[in-house]
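Below is one structure; the comments refer to it alone.
The values are calculated or read from the model by the stated rules, or taken from the named source; none is laboratory data. No experiment lies behind these values; they were computed from the predicted model shown. Reconstructed Cβ throughout: ideal geometry from the backbone, glycine too, with neighbour counts over all protein chains shown. Quick note on the areas: whole protein, heavy atoms, side chains included, nothing else; ligands and nucleic acids left out. Shrake-Rupley method; radii C 1.70, N 1.55, O 1.52, S 1.80 Å.
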Amino acid sequence: MSTQSTAGIDEPGTSGEQTPRPGATEDHPSRSDWFVRGTSGLIGGPLGDHAAALDRPAGRDSRFWSAARIVLALICLTLALHWVQKSPCQDGAWQNNVQYTRMCYTDVLALYYAEGLNEGKVPYADHPVEYPVLTGYFMGALGLPVHALGVDNPAINQGQWFYNLNALVLGALAVATVAVILSLRRRRPWDAALFALSPALVLTATVNWDLLAVGLAAFGLLAWARSRPDRLGMLMPGLAGLLIGLGGAAKMWPLFLLGPILILTLRAGRLLAGLVATATALVTLVAVNLPVAIPYRESWGRFFDLNTTRPIDWGTLWYIGRYLDGRISPSAPGELGPFEWLNANIPTLNWVSYLLFGLACLGVAALALLAPRRPRLASVAFLVVAAFLIFSKVWSQQFVLWLLPLAVLARPRWGAFLAWQFAEVCYFVAFYGELLGTATSRPVFPEGVFVLASSLRLITVAVLCGFIVRDILRSDQDAVRQTYADDPDGGVLDGAPDALWHQRWRARSGATDHPVEPVPA
């Protein structure tokens, strides 16, 4: 690592504060982000050079409406809009396909009945559940009290009460996620507005229980960011692993954060912290699963059976391939195109999907080890989770929530982010058109429209990956490192030099680092 890239970094273990560049003040997107700077002309232009009352070090603002409070108010507004958007479906009386025409379908309400919660069935014990166990626990913890209340009060709409209770708790987790982003980006509070104002969040916040895993993963990243290489600080990797393990017990994707942690701690010579986090996460995952897996093995295995046997799902890379099968190289009558053949041979499809994801992970690991400067944790984590979605045979509409906080932490640039969000909105609309057409047997859009929307979503995620790879290879392009000296999410990695073995390897290979020039805030 170049000496210039570590200027102003505290000695490891001497402080719990993140490492700002010397003299850096709070970042203002109207100055630092080309997209915001351009659009700010609609309201008078970028923040002026003489706005001294606003341009001060973070944490010293005496105004009530600070950036952090504004962002927290915005996430509350976004969640309120989401609740309104879902309100036509809240009574559960889905007549005339209202759940599709109003685009307000939610698994939360539908599965209250489908999983037997309305009959007082205990998840896994009385009814198999198609989700990992912590999500099943969550459903039961909220659903069974609602059922008990409904038995004594038959006038209440149990499904509506269940949905609103879930919306309240999941909304609190979304607010907590914004608070975590604000805590990780004290000098870049407006980055959190990307999450708070996300159109995809407006549309998908309570489609399923994904915000449960998002909140746990966010707290896990915060715990990791607070880790330090001293004895007390080493407790934080364990806490991070605990939270990530809980997130993985709710939805599997938070476990993908462990790979980036391991590879980056290996490069930094801090592998012990990575091993502690990983071991704790795996122990937590097992501990949460065992109470169900042992006595209710068949019910517990439904999640794995469903994901093993399900065919190509809507909107995936494989779905796009199936559509193109008969248009690029039409098969002879009775023959199947390559993607259609994979759909008919699901075990092979599974292995191809896993193989491509594994190769992508190897590529990300190589990038993390070979990059001129050690990448930031959020950047590597985004690439891994995005690779999983790109090559997976399932890419549900709400999976966008997995990427949202990682995108904000990895690349807080408004232009590409909003392009991706536009693609997600297009996919959302096209998806509901596809659902309505299937329900009524009368297509709303030509199939090509849905495939185009799916392709646009995939392409914009891939473009975001490309930008992040560029930022890793050219760290002077990294927006976060224009404010912070190294990695504010890195914990024991923040400000740490590369391990001696890595420095010697780079010296033998003749590689040189690219120094990072400080950029005025």
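Selection of the stretch 388-397 for residues being open to solvent by 10 Å² or more (accessible area, probe 1.4 Å) and touching a helix residue (DSSP H, G or I) at 6+ places or on another chain (Cβ under 8 Å) yields F388, I390, F391, S392, K393, V394, Q397. Which residues, counting only those in the stretch 334-364, are among the aliphatic types (A, V, I, L, M), surrounded by fewer than 18 Cβ atoms within 10 Å (Cβ to Cβ) and closer than 25 Å to R310 by Cβ? Once the filter is applied, which keeps residues that are among the aliphatic types (A, V, I, L, M), surrounded by fewer than 18 Cβ atoms within 10 Å (Cβ to Cβ) and closer than 25 Å to R310 by Cβ, the stretch 334-364 yields L336, A344, I346, V352, L355, L356, L359. For V84, the conditions (1) hydrophobic (A, V, I, L, M, F, W, C); (2) closer than 27 Å to L436 by Cα; (3) open to solvent by 50 Å² or more (accessible area, probe 1.4 Å); (4) at pLDDT below 95 all hold with the exception of (4). Checking T265, T278, T284 one by one, the residue that is part of a helix (DSSP H, G or I), closer than 22 Å to Y137 by Cα, open to solvent by less than 40 Å² (accessible area, probe 1.4 Å) and of a type in the set (S, T, Y) is T284 and no other.
Within the stretch 290-320, restricting attention to residues that are under 23 Å from the mean Cα position of the chain (by Cα) and closer than 24 Å to L216 by Cα, the residue that is most open to solvent (accessible area, probe 1.4 Å) is F304. The set of residues in the stretch 380-401 being within 13 Å of S198 (Cα to Cα) and touching a Phe, Trp or Tyr at 6+ places or on another chain (Cβ under 6 Å) is empty. Which residues, counting only those in the stretch 160-201, are open to solvent by 30 Å² or more (accessible area, probe 1.4 Å) and in a helix (DSSP H, G or I)? Residues satisfying the conditions are Q160, W161, N164, L165, L168, V169, A172, L173, V175, A179, W190, P199. The combined condition, being free of Cβ contacts under 8 Å to residues at least 12 places away in the same chain and closer than 21 Å to L72 by Cα, is fulfilled by L168. Scanning the stretch 211-239 for residues that are under 29 Å from H82 (Cβ atoms) and in contact with a Phe, Trp or Tyr (Cβ under 9 Å, 6 or more places away or on another chain) returns L212, A213, V214, A217.
Pick out the one residue from Y113, Y105 that is surrounded by fewer than 22 Cβ atoms within 10 Å (Cβ to Cβ), under 27 Å from the mean Cα position of the chain (by Cα) and closer than 23 Å to A250 by Cα. Reasoning before the result, please.
Details: Y113 fails: under 27 Å from the mean Cα position of the chain (by Cα).
Unique residue meeting the criteria: Y105.
Suppose we keep only residues that are open to solvent by less than 50 Å² (accessible area, probe 1.4 Å) and more than 24 Å from V429 (Cβ to Cβ) within the stretch 321-330. Which one would you say is modelled with the lowest pLDDT? Applying the filter and picking the extreme gives G326. When restricted to residues that are in contact with a Lys or Arg (Cβ under 8 Å, 6 or more places away or on another chain) and part of a helix (DSSP H, G or I), the stretch 394-412 contains 3.
Rundown of residues vs (1) in contact with an Asp or Glu (Cβ under 9 Å, 6 or more places away or on another chain); (2) closer than 18 Å to L456 by Cα, yes/no style:
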site: P372; (1), (2): yes, no
site: A378; (1), (2): yes, no
site: V384; (1), (2): no, no
site: L389; (1), (2): no, yes
site: K393; (1), (2): yes, yes
site: Q398; (1), (2): yes, yes
site: L401; (1), (2): yes, yes
site: A407; (1), (2): no, yes
site: R411; (1), (2): yes, no
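Scanning the stretch 419-464 for residues that are open to solvent by less than 60 Å² (accessible area, probe 1.4 Å) and closer than 30 Å to R186 by Cβ gives A419, W420, Q421, E424, T460, V461, L464. May I ask you to verify whether L367 is part of a helix (DSSP H, G or I), open to solvent by 10 Å² or more (accessible area, probe 1.4 Å), closer than 18 Å to F256 by Cβ and not polar (S, T, N, Q)? Yes. Looking only at the stretch 119-144, residues that are farther than 18 Å from W253 by Cβ, part of a helix (DSSP H, G or I), of a type in the set (G, A, S) and out of contact with any Leu (no Cβ under 9 Å at 6 or more places or on another chain) come to 1 in all.
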